[in-house]
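Every number in this text was worked out from the coordinates using simple rules, so none of it is lab data. Because the structure is predicted, anything quoted here is derived from the model rather than measured. Positions of Cβ are generated from backbone atoms using ideal geometry, with glycine treated the same way; all protein chains shown enter the neighbour counts.
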Amino acid sequence: MAHTLPALGYAFDALEPHIDAQTMQIHHDKHHQAYVDNLNKALAGTEGENLSLEALMAGISKYPAAVRNNGGGHYNHSLFWTILSNNGSQPSAELATAINDTFGSLDGLKEKMNTAGATRFGSGWAWLSVADGKLSVSSTANQDNPLMDIAEVKGTPILGIDVWEHAYYLHYQNRRPDYLKAIWNVINWAEVSARYAAAL
Ligand code: MN3
């Protein structure tokens with residue numbers, strides 16, 4: 001069963017002015033498609049071909065770098081598209097309580113995520129994850145994620161922010177902190193809340 005590129009649930013320009021249409025189109029149609037194609041190539045004829053993406057992540061240390069990089073890329077971007085939206089949703093009462101208990105406030109979470117993203121040297125991701133019922137913020141290099149058995153901070157990711165330059169460079173150039181500030185305007189909290197409930 002070959003992996004396939006999931007469709008975006010919204011138009012390329014739906015996240016403007018915070019994330020521009022050209023960035024979304026290249027990011028989804030070119031970058032994510034390449035991760036899918038290269039993952040399928042790397043898995044062809046191996047036992048990993050029959051595993052789900054989640055199962056691959058859980059045992060990623062046993063696979064070559066091409067599977068780790070492209071499998072992570074496919075998982076991470078598939079999550080990323082769903083947690084973005086212009087639907088103006090808010091965290092569920094349950095998630096809001098957990099955020100307040102863990103980070104003091106929603107602003108406290110944003111600050112922690114933005115620091116994790118801004119201080120990740122080179123390319124990577126900032127994550128909000130759930131492990132043993134608790135929320136945590138972390139970051140990973142390249143296309144690694146908290147589901148991988150090699151992750152320093154493990155958990156089920158419910159919100160991931162892509163801090164590769166390809167995610168923001170056309171509009172923000174070198175200003176990663178400005179991109180990180182803006183992206184909070186287009187977080188799909190309904191989706192993050194659903195992922196939180198499912199992860200508990
Ligand atoms: Mn990306």
- Could you identify the single residue in Tyr179, Tyr169 that is closer than 14 Å to Leu84 by Cα and over 14 Å from the mean Cα position of the chain (by Cα)? Tyr179
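Restricting to the range 1-15, count the residues that are over 19 Å from Ala66 (Cα atoms) and surrounded by 14 or more Cβ atoms within 10 Å (Cβ to Cβ).
Final tally of qualifying residues: 7.
Which of the residues belonging to the range 74-108 are over 16 Å from the mean Cα position of the chain (by Cα), in a helix (DSSP H, G or I) and of a type outside the set (Asp, Glu)? Can you show your working first?
Taking the range 74-108 first, the residues over 16 Å from the mean Cα position of the chain (by Cα) are 86-108.
Remaining after also requiring in a helix (DSSP H, G or I): 93-103, 106-108.
Once the filter is applied, which keeps residues that are over 16 Å from the mean Cα position of the chain (by Cα), in a helix (DSSP H, G or I) and of a type outside the set (Asp, Glu), the range 74-108 yields Ala93, Leu95, Ala96, Thr97, Ala98, Ile99, Asn100, Thr102, Phe103, Leu106, Gly108.
Let me confirm something: among Leu51, Leu39, Leu43, which residue is among the hydrophobic types (A, V, I, L, M, F, W, C), more than 17 Å from the chain's Cα centre (by Cα) and within 16 Å of the ligand (Cβ to nearest atom)? If you could, list the steps in order and put the result at the bottom.
Details: Leu51 fails: within 16 Å of the ligand (Cβ to nearest atom); Leu43 fails: within 16 Å of the ligand (Cβ to nearest atom).
Residue meeting the stated conditions: Leu39.
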- Query: What number of residues within the range 129-169 satisfy the criterion of being within 16 Å of the ligand (Cβ to nearest atom) and surrounded by fewer than 16 Cβ atoms within 10 Å (Cβ to Cβ)?
  - Reply: 4
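Within the range 16-34, work out how many residues are out of contact with any Phe, Trp or Tyr (no Cβ under 6 Å at 6 or more places or on another chain) and surrounded by 14 or more Cβ atoms within 10 Å (Cβ to Cβ).
12
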